[in-house]
Amino acid sequence: MSISAAQSAARAASQRHTRARLTATAVAVVAGVIFGGVVTPMPARAASVASNAPEVVTFTESSSWTVPQGVSSVSVSVTGGGGGKEVDGHAVGGSGGIISGAFAVEPGNRLYFQIGGAGGSGRDEGGGYSAGGHGGGSGFDGSNGAGGGGSTGVTVIDGESTQLMVLAAGGGGGGGYGGRGGDADVDNAEGGESDAGRLGRGDHGSVGGKGDSSSTGSGGGGGGGGLLPPNVPEDAGLGGGAGGGADSFSTGGGGGGGTSWTDPAVADVVSTPSVAYPGASGSVTLTYFAVPETTISVAPSSVLTAGLGSSIIVDAVVVSSSGATPTGAVKMVMVYPVAGVQLLSGTLDAAGKVTLEFTVEDIGLETVNLVFTPADATAYQSSVSADFQIVKQWAGPLPDDALAPGVSSQGDTVIPANGPPDSVPVSRLAESGVDVRPEVLLATGALLVGIVLFFGSKVRRRRSVHGRR
């Protein structure tokens, strides 16, 4: 295949870049030689770790996770902390919410999981993204209310910015001797002989409301932690659950559950209330798929030489970590001297191989690499080979009939007319960038002859003057 227009433009730029550095000696050497091409293969540079099957990880403690290469989205199932059971076991706490969904991420993002704790039987609230409410105290022969469960939050950290994506609310705590705590996202707390805490009242923002205390009766259960977004009224039905009531000489009311929340960017959202175990801590189950990595191998493994008009052939094979044969295209891209110029391209065959071929038309040193672009970016990662060089070197003298008048060749040397007695060796001028078209060579030779004759006449004239003296 002949060099494309893009190749020709890139090579012309390469020649202009290097031609300015030619010396008179280098030009003299150029006058009588042809060249070959050399391809020096290098080890391949592969993409990052990947898998061909979904990965599932469960987090039961607050922690962070960094998105690996090849991952563009994640799915999460988030469970809030359950409300505590009243210490004497008369009233159980409400269940934490379960929220699932999927959202986009980028490699290098960090996901932070704040796990909601279960409410305690001894009035203690569960911690988390937003804490549950403290259980109410009691007097005489009453019983304390249990604490509400904390919410579980999933936050994406991208550099300096953070964004909460999913929050599963906590359940309300059970009332002393009284009512059951409310489940997250469900207004079902029981009051016993006192008022039950309501779902997501928001009286205390995102945290659960504290259960009422009674000096003559039992305490109310603490509300579950939730989320009250900014600029949302407290009575909008969002936020932490309200604490249970505690009337005199009465059993305590259960705390209300909190309300869960998802960012608008989260897709496929499903809320599953009342299935988490009361009194259990929250969790996050993360599912992700890493697109399989690919690796490019370049051949030949030995030096390839080619003269003017001959072909340079580069074979490449792309393999996948999944074992399947990738589909897509491979292009050769210049790195030096003109970065980013696409020289050649080809499509992988059924075996994942491609042959790139071009005709040698000029000289110079080019650093290039091969870039694989998959046909389906969700099936394979792209990859880039290591840089390698295409070196165009002088391979021997041109025939005498191709040289300028007065310039001859002898073996691997070029002898300008009226030149020095020692011939000029034909060196490897990989970076010269000189155009070796015959008409240019002839012009170069004529220029050399003119220079030599001019200085020769100067020397003869000077010797003549000295002779007359």
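So, in the stretch 130-156, exactly how many residues are out of contact with any Phe, Trp or Tyr (no Cβ under 6 Å at 6 or more places or on another chain) and more than 21 Å from residue 258 (Cβ to Cβ)?
Within the stretch 130-156, residues that are out of contact with any Phe, Trp or Tyr (no Cβ under 6 Å at 6 or more places or on another chain) and more than 21 Å from residue 258 (Cβ to Cβ) number 7.
Hey, could you check the stretch 264-290 for residues that are modelled with pLDDT of 90 or more, surrounded by 17 or more Cβ atoms within 10 Å (Cβ to Cβ) and not small (Gly, Ala, Ser) and say which is farthest from residue 170 (Cα to Cα)?
Per the criteria, the residue is 289.
Can you pull out every residue in the stretch 30-76 that is assigned to a loop (DSSP other than H, G, I, E, B), within 26 Å of residue 319 (Cβ to Cβ) and at pLDDT below 50? Explain how you work it out, then say what you get.
Residues of the stretch 30-76 assigned to a loop (DSSP other than H, G, I, E, B): 31-32, 41-44, 46-54, 60-62, 67-72.
Checking which are within 26 Å of residue 319 (Cβ to Cβ) leaves us with 41-44, 46-54, 67-72.
If the condition is that a residue be assigned to a loop (DSSP other than H, G, I, E, B), within 26 Å of residue 319 (Cβ to Cβ) and at pLDDT below 50, then 41, 42, 43, 44, 46, 47, 48, 49, 50, 51 are the ones that fit.
List pairs: first in the stretch 133-159 and not assigned by TED's automatic domain parsing to the domain that holds residue 240, second surrounded by fewer than 24 Cβ atoms within 10 Å (Cβ to Cβ) and part of a loop (DSSP other than H, G, I, E, B), Cβ under 7 Å, 6+ apart or cross-chain?
Matching pairs, first to second residue: none at all.
Considering only residues that are under 16 Å from residue 91 (Cα atoms) and under 50 Å from the mean Cα position of the chain (by Cα), look in the stretch 189-204 and name the one that is surrounded by the fewest Cβ atoms within 10 Å (Cβ to Cβ).
Filtering the stretch 189-204 down to residues under 16 Å from residue 91 (Cα atoms) leaves 189-197.
In the following step, the residues that additionally are under 50 Å from the mean Cα position of the chain (by Cα) were identified as 189-190, 196-197.
Details: 189: 38, 190: 21, 196: 30, 197: 44.
Ranking the candidates gives 190 first.
Which condition number in (1) out of contact with any Ser or Thr (no Cβ under 8 Å at 6 or more places or on another chain); (2) of a type in the set (S, T, N, Q); (3) at pLDDT 90 or above is the one that residue 231 fails?
(3)
Let's see how each residue does on (1) of a type in the set (Gly, Ala, Ser); (2) within 15 Å of the chain's Cα centre (by Cα); (3) on the phi < 0 side of the Ramachandran plot:
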position	(1), (2), (3)
61	no, no, yes
70	yes, yes, no
74	no, yes, yes
80	yes, no, yes
84	yes, no, yes
89	yes, no, no
92	no, no, yes
100	yes, no, yes
111	no, yes, yes
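Based on this model, can you work out whether residue 185 counts as under 23 Å from residue 101 (Cβ atoms), of a type in the set (Asp, Glu) and assigned to a loop (DSSP other than H, G, I, E, B)?
On the way: under 23 Å from residue 101 (Cβ atoms): yes; of a type in the set (Asp, Glu): yes; assigned to a loop (DSSP other than H, G, I, E, B): yes.
The answer is yes for residue 185.
Can you tell me which residue is nearest to residue 299 (Cα to Cα) among those in the stretch 361-387 that are at pLDDT below 85 and crowded, with 21+ Cβ neighbours inside 10 Å?
Among residues in the stretch 361-387 that are at pLDDT below 85 and crowded, with 21+ Cβ neighbours inside 10 Å, the one nearest to residue 299 (Cα to Cα) is 366.
Within the stretch 205-220, can one find any residue that is crowded, with 24+ Cβ neighbours inside 10 Å, part of a loop (DSSP other than H, G, I, E, B) and hydrophobic (A, V, I, L, M, F, W, C)? Step through it out loud before you land on a result.
Going residue by residue through the stretch 205-220, those that are crowded, with 24+ Cβ neighbours inside 10 Å are 206-212, 214, 217-220.
Narrowing further to those that are part of a loop (DSSP other than H, G, I, E, B): 206-212, 214, 217-220.
Pick out the ones that are also hydrophobic (A, V, I, L, M, F, W, C) and you get 207.
Scanning the stretch 205-220, I find at least one residue that is crowded, with 24+ Cβ neighbours inside 10 Å, part of a loop (DSSP other than H, G, I, E, B) and hydrophobic (A, V, I, L, M, F, W, C), so the answer is yes.
The values are calculated or read from the model by the stated rules, or taken from the named source; none is laboratory data. Treat the numbers as computed from the prediction; the structure is a model and nothing was measured. Note: ideal-geometry Cβ built from the backbone for every residue, glycine included; neighbour counts use all protein chains shown.
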